[in-house]
Amino acid sequence: MPLETAVAAPAASRTEVRERAARNRKVGVYGARAAVLAGFLGLWEVCSRTGVIDPFNFSQPSRIWDQIRQWVTHGTAQGSLGEQIGYTLYEALTGWVLGVVGGVLLGIALGRVRFLADVFGPYIKVLNAIPRIVLAPIFLIWFGLGPASKVASAVVLVFFPVFFNAFQGAREVDRNLVANARILGASNRKVTLQVVVPAATTWIFTSLHVSFGFALIGAIVGEYIGATKGLGLMVAAAQGTFNAAGVYAAMTILAVVALFTEGLLTFAEKRLFRWKPADAGDGR
Amino acid sequence: MVHVDPHEAGAVPAIELTGATKRFRTPSGTLHTAVRELDLTVAPGEFVAVVGPTGCGKSTTLTLVSGLEEPTEGEVRVYGEPVSGINGHVGFVFQQDAVFPWRTVLSNVMAGPRFRGVPADEARERARDWLSRVGLSAFEDRYPHQLSGGMRKRVALAQTFVNDPRILLMDEPFSALDVQTRALMSDQLLELWAGTGSSVVFVTHDLDEAIALADRVVVMTAGPATVKEVFTVDLPRPRSVEAVRLQPRFVELYREIWASLGEEVRITRERGAGRAA
Ligand SMILES: Nc1ncnc2c1ncn2[C@@H]1O[C@H](COP(=O)(O)OP(=O)(O)OP(=O)(O)O)[C@@H](O)[C@H]1O
Ligand SMILES: [Mg+2]
């Protein structure tokens, strides 16, 4: 028995050492991150207070914080802060869903049917070459000040990256899998739904991450140009009253909202892709 | 080989390739001939093994029979009918991994019956039955990436067999398996095949395996493939893969086929070396 313990002890302590090293590394990364943020904000605050940078243009973290607190407790000029966030999210989400559904359907259809791809390919390339954000003012004229014009801007921004990824995904499906499904008895429709779509989801999901950011941009820019409610309007209003802290505060809130939705998306992805081997970088 | 007239009642060959030629267009635009003027007949219930140097066109020949590819010239018939598109009676175990990575093991094996409109309960039952025959019952909830290469291959076998194919095309199905499992699966394959009366075309690089399993061993030439020689394996059935290897006739056949195949392998290798130089 003594021999066994002698062999087991160093092995156990080695795993322990390794675990401790991994934990230390994690703590180190988070600590350094927090330090970078604190350093940046501190430098900003100090520079602004000592007059190295002009606080009127660049504001300062403490004022931004006060502005956010004021919005949270007393609401904004357009109503409560929650309502503004909800409005923007609603527009972005609606535009995102419509853009994603359209992009995925069209992408897979064109990826599967050569004829459609040949006919519509050039048109889609031309449309994609247009800087689509300039459409926002046009949508404002078409659809008015309400949410519809923002949804439209979000849709045109979201559609193209999703479309191209779905198209590529449908094109690059492993030919062996398609051959196997056909031999096993799958009809064309079943090959599309049960082989091409699942195989393309990896591609589609990569575009979902980027495209939700685009949807937010579409909604915000739309609101910025003309709206009755929303975070974009808050930026525009703060800018109109030369309230730099208000602009930064709205941007901060936007960043938090974007990070939060990104987190939700990552969570959904993990559930959906249980069939995939974990990335080597995941450090399972 | 005796030519069987396909119109003679009861003598319709299961598979018949006549003058089948397959050319592929290469990325550079030239034509590459993978299979040339290939004649091959497989009788119903016959087990044919195909051996040939690597890259000679064995897999391509199988895709012609399966209907996944059309011959550029010549004709391919299955049970007397010219092949056009996929035939529901053909099963194909691919050389490459082709199980669906997003489906669990059970769901992979159920795929065939489900694609063919079998109700889920019945499909599940049949799939479970096959999973137990390939020894994977305990793994039915796993995803393919959680299995070893040999286990994935067994999933592929179950996936094909669950459809009860009358014609079974197998492209190096056991090459990823360890020696013990391979012997086990070979014996099992013989058992299954004896029960169903289906015709098998079995591509392999393993001469031992080819002789132990088949009624006839077809030796292909260096690419573009055509039939070089056909050897009839006159070993008694039922066979046990392990026992049959020890028979003097087996050793004799092995030597004959090896001499025929070795020449083609040498040609292929010299060609490859010539190209590399
Ligand atoms: N889709 C394709 N397009 C172009 N060339 C192809 C295609 N498929 C196969 N070939 C070529 O045809 C030849 C025969 O290929 P095939 O896969 O049939 O060989 P094989 O006999 O199965 O080889 P191995 O024993 O290594 O599996 C090869 O030279 C290959 O490069
Ligand atoms: Mg091959």
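The values are calculated or read from the model by the stated rules, or taken from the named source; none is laboratory data. Keep in mind it's a predicted model, so treat the numbers as computed, not measured. Don't worry about glycine lacking a Cβ; one is built from the backbone with ideal geometry, like all the others, and counts go over all protein chains shown. For accessibility, only protein heavy atoms count, side chains too; no ligands or nucleic acids. Shrake-Rupley method; radii C 1.70, N 1.55, O 1.52, S 1.80 Å.
Where does chain A land at 222 nm, in deg cm²/dmol rounded to the nearest 500, when only DSSP H runs of n ≥ 4 count, each adding -39500 (n - 2.57), divided by all residues?
Working: 12 runs with 230 residues, N = 284.
Value at 222 nm, helices only, nearest 500: -27500 deg cm²/dmol.
Calculate the length of the line joining the C-alpha centroid of segment B:28-52 to that of segment B:104-123, in whole Å.
Taking the Cα centre of segment B:104-123 as reference, the centre of segment B:28-52 is 31 Å away.
Under 5 Å between amide H atoms, partner at least 5 residues away or on a different chain: which partners does B:Met220 have, H built in plane at 1.01 Å?
Those qualifying (amide H under 5 Å, at least 5 residues apart or on another chain) are B:Val51, B:Gly52, B:Lys228.
Between segment A:215-282 and segment B:220-265, what is the C-alpha centre distance in whole Å?
69
Please compute, for peptide A:182-193, the average count of beta-carbon atoms on other protein chains lying within 10 Å of each residue's beta-carbon.
Numbers: counts 7, 20, 17, 11, 6, 3, 0, 0, 4, 1, 0, 0.
Partner-chain Cβ atoms within 10 Å, mean over residues of A:182-193: 6.
For segment B:96-164, what is the convex hull volume of its Cα atoms per residue in Å³?
Working: hull volume 5.4 nm³, N = 69.
It is 78 Å³ per residue.
Using the heavy atoms of the protein chains alone and a 1.4 angstrom probe, what is the accessible area of segment A:62-281 per residue in square angstrom?
Details: 11160 Å² over 220 residues.
With the other protein chains kept in place, segment A:62-281 gives 51 Å² per residue.
Under a plain spin-label model, where a point goes 7 Å from the Cα along Cα-to-Cβ, how far apart in nm are B:Val179 and A:Thr266?
The modelled label-to-label distance comes out at 4.9 nm.
Taking just the alpha-carbon atoms of chain A, what radius of gyration and Dmax come out, in angstrom?
25.3, 85
Calculate how steeply helix B:120-133 sits against the longest principal axis of the alpha-carbon atoms of chain B, using the helix alpha-carbon long axis, and give the answer as 0 to 90 degrees to the nearest 10.
For helix B:120-133, the angle is close to 60 degrees.
What is the average number of partner chain Cβ atoms found within 10 Å of a Cβ in B:95-101?
6
Magnitude of the Cβ-charge dipole of the protein assembly as shown, K/R +1 and D/E -1, about the Cα centre, nearest 20 debye? Please list the in-between numbers first.
Working: 56 positive and 52 negative charges, 366 e Å.
It works out to roughly 1760 debye.
Which value does Rg/Rh take for segment B:60-143 over its C-alpha atoms, Rh per Kirkwood?
Details: Rg = 15.7 Å, Rh = 14.7 Å.
Using Cα coordinates only, the ratio equals 1.06.
Suppose the Debye formula is applied to equal point scatterers at every Cα of the protein assembly as shown; what is log10 I(q)/I(0) at q = 0.07, 0.10, 0.11, 0.13 Å⁻¹?
Debye curve over Cα of the protein assembly as shown, log10 I(q)/I(0) at q = 0.07, 0.10, 0.11, 0.13 Å⁻¹: -0.64, -0.97, -1.06, -1.28.
Mind telling me which of B:Gly112, B:Gly195, B:Gly223 comes out most flexible in a GNM of chain B, alpha-carbon contacts under 10 Å?
B:Gly195
Looking only at other chains, what is the average number of their beta-carbon atoms within 10 angstrom of each beta-carbon in B:79-89?
Rounded to a whole number, the mean comes out at 1.
Take the Cα radius of gyration of segment A:202-259 and divide it by 2.2 N^0.38 Å, with N its residue count; two decimals is plenty.
1.28
Would segment A:39-150 count as rounded, prolate or oblate if I go by the C-alpha gyration tensor, calling it rounded below 1.5 in a/c and otherwise prolate when a/b exceeds b/c, oblate otherwise?
In terms of gyration-tensor shape, prolate.
Share of chain B's accessible area from carbon and sulfur, percent, 1.4 Å? Walk me through the numbers before you get to the answer.
Numbers: 6510 of 12530 Å².
C and S fraction of accessible area: 52 percent.
For segment B:1-157, what does the convex hull of the Cα positions come to per residue, in cubic angstrom? Intermediate results must be reported in sequence, preceding the final value.
On the way: hull volume 25.7 nm³, N = 157.
In segment B:1-157, the Cα convex hull volume per residue is 164 Å³.
Using Cα atoms only, what is the angle between the long axis of helix B:105-115 and the major principal axis of chain B, expressed in degrees (0 to 90) to the nearest 10?
It works out to around 80 degrees.
Grab the eigenvalues of the alpha-carbon gyration tensor for chain B, scale each by 5, take roots, and send me the semi-axes largest first in whole angstrom.
On the way: eigenvalues 171, 100, 89 Å².
That gives 29, 22, 21 Å for the three semi-axes.
Compute the projected area of the convex hull of the Cα atoms of segment A:38-78, averaged over all viewing directions, and report it in nm² to one decimal place. All intermediate terms of the calculation are to be shown ahead of the outcome.
Numbers: hull surface 13.6 nm².
With the hull built on Cα positions only, its mean projection is 3.4 nm².
Accessible area per residue of segment B:96-164 at 1.4 Å probe, in Å²? Show your work: numbers first, answer last.
On the way: 2820 Å² over 69 residues.
Averaged over the residues of segment B:96-164, the accessible area is 41 Å².
Return the Cα extents of segment A:88-147 along principal axes one, two and three, sorted largest first, each rounded to a whole Å.
40, 22, 15
How charged is the neighbourhood of B:Thr221? Take every other residue with its Cβ under 10 Å from the Cβ of B:Thr221, and add Lys/Arg as +1 and Asp/Glu as -1.
Working: positive: B:Arg36, B:Lys228; negative: B:Glu229, B:Glu263, B:Glu264.
With Lys, Arg at +1 and Asp, Glu at -1, the neighbours total -1.
Checking the cross-link filter: which aspartates and glutamates have an alpha carbon closer than 14 Å to that of A:Lys270, excluding same-chain neighbours under 8 positions apart?
Hits, sequence-local ones excluded: A:Glu262, A:Asp279, A:Asp282.
So which lysines pass the test for B:Lys22, namely a Cα distance under 23 Å, with those fewer than 8 places away in the same chain ruled out?
Cross-link targets: B:Lys58, B:Lys228.
Whole percent per 10 Å bin, from 0 to the bin with the longest distance: what is P(r) over all C-alpha pairs of segment B:165-277?
12, 41, 33, 11, 2, 0
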